[in-house]
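The values are calculated or read from the model by the stated rules, or taken from the named source; none is laboratory data. Computed from a predicted structure; not experimentally measured. Please note: Cβ atoms are built from the backbone with ideal geometry, for glycine as well, and neighbour counts cover all protein chains shown.
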Amino acid sequence: MSAKTILITGCSTGIGLDAAHTLRARGWRVFAACRKAEDCDRLRTEGFDSPRMDYNDEHSLRDGLAEVLDATGGTLDALFNNGAYAIPGPVEDIPTEALRTIFQSNLIGWHDLTRQVIPVMRAQGHGRIVQCSSVLGLVAMKWRGAYVSTKFALEGLTDALRLEMAETGIKVSIIDPGPIETDFRKNAIKEFERWIDWENSARADQYRDNLLTQLYEGSSSGPQWPASAVTRKLIHALDHPRPKARYYVTAPTHAMGLARRALPARALDWLVSKG
């Protein structure tokens, strides 16, 4: 019997890389996609199939998936959409073009790839689609509006997809990680410097007083969990005959999920504002 096959995006580091190594060790044939060609080359030296796939490049999604399907004979058991970034800053300072760009990377590209995979799974009568969302897809936080908006949209789109796929044999799940040890903040700094003109912002004093420190030095508000915590939930979503609709990862996600259900909006705002 041939190994199950999975396409994982965003495998250069962090959650995607950990998932790729763990699932391969469990007997899966892993197609570990990366945005940059040099990261794909590195993973190939480690023995992975590694198509180049960039959510901002629709041609790379089409060509990368064609590479996967050519290798598998036209089948694919699972897709793990992963890999997103943030543009830190107050909503009023996020340029409209920046919002268009982050939605392409964090939502529209995911939708594009998922739509291409669904016919393959329909034809074979089964499949698993797992979306890596965030605790910030459950509750909003200040200075993270661009990222929050993409994750709220992903949650809704995925819920609708799960309902629509209920009778097809294609099972759809969301994973909501909290603070995970990744290069997320380092990548966010690049986007901040690209898009945010903070010195000419009405909030320039706030940037100087604490926002820049939070971004460049990080927050000491709590622990971070290893990427393997996400992979454990991914394994359940892939292997269990009745996977959950949603998987919370880390204590903050469980706390915020409960708070969102239990508290009125003003109380939730107060709680979130306390960090």
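Select from the stretch 171-229 the residues that are among the acidic types (Asp, Glu) and either under 30 Å from Ala123 (Cβ atoms) or not in a loop (DSSP other than H, G, I, E, B) (or both) and list them in ascending order. Give the derivation first.
At the first step, the residues of the stretch 171-229 found to be among the acidic types (Asp, Glu) are 176, 181, 183, 191, 193, 197, 199, 205, 209, 217.
Matches in the stretch 171-229: Asp176, Glu191, Glu193, Glu199, Asp205, Asp209, Glu217.
Would a scan of the stretch 186-200 turn up a residue that is touching a Gly at 6+ places or on another chain (Cβ under 9 Å), loosely packed, with under 15 Cβ neighbours inside 10 Å and in contact (Cβ under 8 Å) with a residue 40 or more places away in the chain?
No, because not a single residue in the stretch 186-200 is touching a Gly at 6+ places or on another chain (Cβ under 9 Å), loosely packed, with under 15 Cβ neighbours inside 10 Å and in contact (Cβ under 8 Å) with a residue 40 or more places away in the chain.
Within the stretch 155-165, identify whether any single residue is over 20 Å from Ala140 (Cβ atoms) and at pLDDT below 95, and answer yes or no.
The initial filter retains those residues of the stretch 155-165 that are over 20 Å from Ala140 (Cβ atoms), namely 160-165.
Add one more test, that the residue is at pLDDT below 95, and what stays is none.
No, the stretch 155-165 contains no residue that is over 20 Å from Ala140 (Cβ atoms) and at pLDDT below 95.
Which residue pairs have Cβ atoms under 7 Å apart, sit 6 or more places apart or on different chains, and have a first residue in the stretch 155-171 that is farther than 20 Å from Cys132 by Cβ and a second that is at pLDDT below 95 and surrounded by 19 or more Cβ atoms within 10 Å (Cβ to Cβ)?
Between residues of the stretch 155-171 that are farther than 20 Å from Cys132 by Cβ and residues that are at pLDDT below 95 and surrounded by 19 or more Cβ atoms within 10 Å (Cβ to Cβ), there is no close pair.
May I ask you to say which residue of Ala227, Ala237 is surrounded by 14 or more Cβ atoms within 10 Å (Cβ to Cβ), of a type outside the set (Ser, Thr, Tyr) and touching an Asp or Glu at 6+ places or on another chain (Cβ under 7 Å)? Let's see the steps before the verdict.
Details: Ala237 fails: touching an Asp or Glu at 6+ places or on another chain (Cβ under 7 Å).
From the options Ala227, Ala237, the qualifying one is Ala227.
Give the residue that is nearest to the chain's Cα centre (by Cα), with candidates limited to residues of the stretch 125-139 that are assigned to a loop (DSSP other than H, G, I, E, B) and buried (at least 17 other Cβ atoms within 10 Å of the Cβ). Explain how you work it out, then say what you get.
Here is the first cut: in the stretch 125-139, the residues assigned to a loop (DSSP other than H, G, I, E, B) are 125-126, 133-134, 138-139.
Next cut, buried (at least 17 other Cβ atoms within 10 Å of the Cβ) only: 133-134, 138-139.
On the way: Ser133: 5, Ser134: 7, Leu138: 14, Val139: 16 Å.
The residue in question is Ser133.
Tell me which of these Thr168 doesn't satisfy, since it passes every other one: (1) within 25 Å of Val117 (Cβ to Cβ); (2) not in a loop (DSSP other than H, G, I, E, B).
(2)
Yes or no: Thr168 β-branched (Val, Ile, Thr), within 12 Å of the chain's Cα centre (by Cα) and modelled with pLDDT of 95 or more? Even if it seems obvious, please write down each step before you answer.
Details: β-branched (Val, Ile, Thr): yes; within 12 Å of the chain's Cα centre (by Cα): no; modelled with pLDDT of 95 or more: yes.
No; evaluated as a whole, the condition is false for this residue.
Out of (1) surrounded by fewer than 19 Cβ atoms within 10 Å (Cβ to Cβ); (2) of a type outside the set (Lys, Arg); (3) over 14 Å from the mean Cα position of the chain (by Cα), the odd one out for Ala153 is which?
If we test Ala153 against (1) surrounded by fewer than 19 Cβ atoms within 10 Å (Cβ to Cβ); (2) of a type outside the set (Lys, Arg); (3) over 14 Å from the mean Cα position of the chain (by Cα), just (3) comes out false.
Could you say which residue among Arg162, Arg122, Arg144 is under 25 Å from Arg62 (Cα atoms) and buried (at least 16 other Cβ atoms within 10 Å of the Cβ)? Lay out the reasoning, then the answer.
On the way: Arg122 fails: buried (at least 16 other Cβ atoms within 10 Å of the Cβ); Arg144 fails: under 25 Å from Arg62 (Cα atoms).
It is Arg162.
Please work out which residue is nearest to the chain's Cα centre (by Cα), limiting yourself to the stretch 39-76 and to residues that are surrounded by fewer than 15 Cβ atoms within 10 Å (Cβ to Cβ) and under 16 Å from Ala123 (Cα atoms).
Result: Ala66.
Could you give me the residue pairs with C-beta distances under 6 Å whose first residue belongs to the stretch 138-153 and is farther than 16 Å from Thr101 by Cβ, whose second residue is at pLDDT 95 or above and of a type in the set (Asp, Glu) wherever it lies, and which are 6+ apart or on separate chains?
Listed by first residue and then by second, the contacts come to nothing, as the list is empty.
When you scan the stretch 108-154, how many residues do you find that are aromatic (Phe, Trp, Tyr) and closer than 22 Å to Ala267 by Cβ? Can you show your working first?
Pass one, the stretch 108-154, residues aromatic (Phe, Trp, Tyr): 110, 143, 147, 152.
Now narrow it down to the ones that are closer than 22 Å to Ala267 by Cβ: 143, 152.
Adding up the residues that qualify gives 2.
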